[in-house]
C-alpha cells in the first residue's frame with residue numbers, strides 16, 4: 001500500500017495538476033463577464049454542490065456527506081469554514097476582474113507566513129528563530145508595498161487572512177471529514193443563500209445566466225468542476241506524496257498567478273512591489289529550509305526510537 005512517505009508515480013503529476021489548475025484560474029474568470037463577482041460566486045457555490053453530490057453518488061460516498069449533515073457540531077464548524085472560503089473566493093474573483101492578479105498572487109505567497117503567525121496567536125505555538133525571521137520579512141514586505149502604493153495591499157491581506165483562518169478551522173474537522181464531503185457540506189450551507197440571490201437577480205432582470213446565451217450559462221455551470229476538480233486532484237496527491245513535497249508544490253499556484261499578472265494581464269510592477277515580493281520570497285525560502293530540516297530531524301528521531309538494539 002502506498003503511503004505519504006513512499007510516493008507512487010502518480011503523486012507528483014496529480015499534485016502539479018492541482019496547483020497548476022489553481023494557478024491558472026485568473027484565465028477562467030474573465031470568461032464569465034459580464035457576470036459580476038457576487039453572481040459568479042453564487043453560481044460557484046451552487047454548481048460546486050451539484051458536482052460534489054454527483055461525485056459522492058458515483059463513488060458511493062453519500063453516507064459520509066449525510067453523516068456530516070447529521071452532526072450539528074461538525075456542521076457548525078464547516079459553516080464557519082464556508083463563510084471564510086466564500087470571503088476568499090469573492091475577493092479572489094474581484095481581484096482578477098478588477099486587474100489585481102498580482103495582489104492575489106502576493107496574498108497566496110503571504111499565506112504560509114500568516115498561517116505560522118496564526119499558530120502563535122490562536123494555538124499558542126512557540127516559533128523557532130527561523131520562523132520569526134521569516135515572519136519579520138513578511139511584515140517588512142507588506143510595509144514596503146504599502147509605502148510604495150500608498151495604502152495597504154488589502155486584497156492580498158484579505159485573501160491570506162481568510163484562507164489562513166479557513167485552514168485553521170478545517171484543521172479542527174480534517175481528521176473526521178474528507179475533502180469531498182467537507183466541500184459538499186460547506187457549499188450546502190451556503191447554497192440556500194446563493195440560490196436566493198440568483199433568483200433575485202433573475203426576477204430583477206440583472207442576472208446573466210439566462211440572458212447571455214448558452215455558452216455563458218455553460219461556463220457559469222462549469223464553476224462547479226473548476227472548483228471541485230483541483231481539490232480532488234490535490235486530495236489524491238496528498239495521499240501519495242510526502243508532506244514536504246506538497247509544501248513545495250503549493251508555491252506553484254501563486255508563482256503561476258504572478259506570471260499571469262505580469263506577462264498576460266500586463267499589470268504594473270513598481271520598484272516597491274518588486275522589493276516586497278523579493279522579501280516575501282526570502283521569507284518563504286527560510287520557512288522551507290527550516291521546515292525541511294525539522295522534518296528530517298523528526299524522521300531521524302523516529303527511526304532511532306524504532307531501531308531495535310540487539311542484546312549481547
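Every number in this text was worked out from the coordinates using simple rules, so none of it is lab data. Predicted model only: the values in this text are computed from it and were never measured.
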Item to complete: With springs only between Cα atoms under 10 Å apart, run a GNM on the chain and tell me which of 197, 108, 92 wobbles the most.
Response: 197
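Looking at the range 147-303, what % of the alpha carbon pairs are farther apart than 21 Å? Each step should come with its number before you reach the end.
On the way: 8136 of 12246 pairs.
In whole percent, the long-distance tail amounts to 66.
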Practice prompt. Over all alpha-carbon pairs of the range 11-304, lay out the pair-distance distribution in 5 Å bins, whole %, shortest bin first.
Written response: 1, 5, 10, 14, 18, 17, 14, 10, 6, 3, 1, 0, 0, 0
Item to complete: First check a/c for the range 1-127, with a ≥ b ≥ c the square roots of the eigenvalues of its C-alpha gyration tensor; if it is under 1.5, answer rounded, and if not, answer prolate when a/b is larger than b/c or oblate otherwise.
Response: rounded
Fill in: For the range 190-281, projected area of the alpha-carbon convex hull averaged over all directions, nm²
9.8
Practice prompt. Before rounding to the nearest 500, sum -39500 (n - 2.57) across all DSSP H runs of length at least 4 in the chain and divide by the residue total; then give [θ] at 222 nm in deg cm²/dmol.
Written response: -25000 deg cm²/dmol
